[in-house]
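What follows is a set of notes on a single structure, which appears directly below.
The values are calculated or read from the model by the stated rules, or taken from the named source; none is laboratory data. No experiment lies behind these values; they were computed from the predicted model shown. We work out accessible area using only protein heavy atoms, side chains counted, and drop any ligands, DNA or RNA first. Shrake-Rupley method; radii C 1.70, N 1.55, O 1.52, S 1.80 Å.
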Amino acid sequence: VINESAPGIVTELTFIIGLITFIIIAVLVIQEFRGQKDKFRHPLFLSTFILFITFINDTLLGVGVIKSIYLLEVGFLIVIGLVAFLLSKNIMETLATKEALEQVNLELQTHKEELEKTIFDRTQDYQSQTEYFRSLVDNNPIATVSLDNNQNILAVNKAFEDLFGYSQADAIHQDLDNLIAPEEHFDVAKKLTEDVLKSKKIYDRGIRKRKNGDRFNVEILGVPVVFDGKKVGLLG
């Protein structure tokens, strides 16, 4: 048994308000998508269009203009199905993106570990080479001194300490000529140092002084130190 009753004034008013509101919303949506070729593939436009058609159909049916079947419930079901489909599609795409990101992160982690291992191995090699060459200088029986481009002492070996009487701490950051060149031979020593600073190799003989002031004869060899095409200091 189907019980029918005529709608009251409140129902009619709310229906009219709802119809006007929905028409306004539909017009706004249509204006927003005006000129777009694929607007019927957009879920918002498609949902609005379906509900608008079914709403108009049920309104005309309700006032007796047409005789058909009520479509509003079907329209809502279609929209709900469309939304469910889009949500499931978005969820699947999100999951696929998440899996892809996890795979990329895994690959990045692998590359990071390989890079860290390579850097560690290279660092170990460089440290070994540095220690090897430092050992060569330190154990060299010839007094050896390394200078920067301002002829300030960077390091001296044990033979230098024994020969001149200056410890590493005494000699570091000192001007070599001021430290070991006698006053009467200072200009000649300065000229030799300047020649090496100009990337010349020098070999000479002269007189130098110890920490206690004693003079003695020396052979002097000076060479520029070049790294990656740039002079970074000199070795005496």
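Taking all protein chains as they are arranged and a probe of 1.4 Å, the heavy atoms of T11 leave approximately 80 Å² accessible to solvent.
Couplings 3J(HN,Hα) for segment 133-145, derived from phi with the Karplus relation 6.51 cos²θ - 1.76 cosθ + 1.60 (θ = phi - 60°), are 5, 5, 5, 4, 5, 5, 8, 5, x, 8, 4, 10, 9 Hz, where x marks Gly and Pro. The listed residues I69, I78, I180 rank as I69, I78, I180 when sorted by accessible area, largest first, using a 1.4 Å probe. Coupling constants for segment 202-207 follow from the phi torsions by the Karplus curve (6.51 cos²θ - 1.76 cosθ + 1.60, θ = phi - 60°), and in residue order they are 10, 9, 7, 10, x, 10 Hz; glycine and proline get x. Amide H contacts for N157 (H built 1.01 Å from N in the peptide plane; partners 5 or more residues away or on another chain; cut-off under 5 Å): T144. Couplings for segment 208-215, taken from phi via the Karplus curve 6.51 cos²θ - 1.76 cosθ + 1.60 with θ = phi - 60°, read 10, 10, 8, 4, 7, x, 5, 9 Hz in order; Gly and Pro are left as x. Solvent exposure of the chain amounts to 73 Å² per residue of accessible area, where only protein heavy atoms count and the probe is 1.4 Å.
When shorter helices are ignored and each DSSP H run of at least 4 residues is given -39500 (n - 2.57), the per-residue value for the chain at 222 nm works out to -20500 deg cm²/dmol. Highest mobility in the GNM of the chain, judged by mean-square fluctuation with C-alpha springs under 10 Å and restricted to R215, R41, R134, is found for R41.
Overall, the accessible surface of the chain at a probe of 1.4 angstrom is composed of carbon and sulfur to the extent of 62 percent.
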